[in-house]
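Computed from the coordinates by the stated procedures, all read-outs in this text should not be read as laboratory data. What you see is a predicted model, and the numbers here were worked out from it, not measured in a lab. Note: ideal-geometry Cβ built from the backbone for every residue, glycine included; neighbour counts use all protein chains shown.
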Amino acid sequence: MQRYFIPAEQMTETAVTLTGEDARHLGSVMRAKPGDTFIACDGRGRDVLAKVTAVGRDAIEADVVQVLDSSAEMAWKVTVAQSLPKGDKLETVIQKGTEAGAYAFQPYLSRRTVVQYDERKEAKRLDRWRKIAKEAAEQSHRSAVPDVRPVCGWKELIRSMAGYDLVLLCYEEEGRAGTGLRGTLSGFRNEWDPARGQPNVLLAVGPEGGFAPEEAEEAAASGAVPAGLGKRIFRTETAALYALACLAYESGELGGEARA
């Protein structure tokens with residue numbers, strides 16, 4: 001069944017209005033007609049089954065038939081901070097990371113970032129990244145669309161670390177030393193008080209050349225925990241997805257007792 005994220009103001013207790021590209025997709029591509037149903041999500045955790053009542057050129061009206069259970073989000077709110085990679089690799093990270101349950105994405109520039117950042121093109125690229133996140137959230141039956149934030153600098157990322165309950169720095173040197181995610185995540189899970197709600201976790205992934213030693217030191221001084229992803233070296237677009245899977249497992253999403 002088709003699933004669409006719509007602005008909260010277009011969904012009341014009893015009715016839903018679909019507009020723009022979503023309305024054109026449901027009406028023209030899916031050839032919806034009165035009586036057909038779809039799922040509408042307000043991005044805030046409210047999902048409903050809606051029945052089409054009227055199909056217009058740029059808008060589709062529907063009645064709310066049933067409020068659905070919304071349980072597709074990770075137990076931990078994980079923001080993926082990804083140093084800008086070359087080509088369209090960030091699109092892969094956003095698409096697959098959304099499927100894996102990421103709460104938000106923070107692209108940033110680090111010392112070894114090799115891509116030439118063009119601020120004039122940022123708005124266009126940001127729109128595309130957000131569209132990819134929305135489509136991936138719909139495809140994977142998420143209840144919320146991850147926030148894709150504007151590109152920031154390394155210093156800004158460092159300053160933001162104080163706002164998280166746990167900051168993980170995916171650092172290959174720690175992996176070679178045998179210091180991996182397992183112990184850090186296990187300790188955090190055991191110490192976290194569920195009464196505090198969902199923990200906010202920042203997962204920082206470096207560029208193709210990895211973090212510079214000075215960056216790792218600066219991040220550690222700001223509260224980040226440098227941790228390896230094992231003894232192998234991942235491509236930058238693979239590291240975040242691998243780490244997200246580890247976080248999903250440790251949070252209890254894949255079975256067992258959820259501790260947050």
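Things worth noting here:
- Nearest 10 degrees, 0 to 90: helix 122-139 Cα axis against the chain principal axis: 70
- On Cα atoms only, tilt of 181-191 relative to the major axis of the chain in degrees: 70
- Isotropic mean projected area of the C-alpha convex hull, region 1-141 (nm²): 9.7
- Within straight-line reach of LYS124, meaning a Cα separation under 26 Å, sit the following lysines at least 8 residues removed in sequence or on another chain: LYS86, LYS89, LYS96, LYS134, LYS155.
- With at most 12 neighbouring Cβ atoms within 10 Å, loop GluC sites (Glu not before Pro) (DSSP) excluded, longest segment of the chain: 14-256
- On Cα atoms only, tilt of 89-100 relative to the major axis of the chain in degrees: 70
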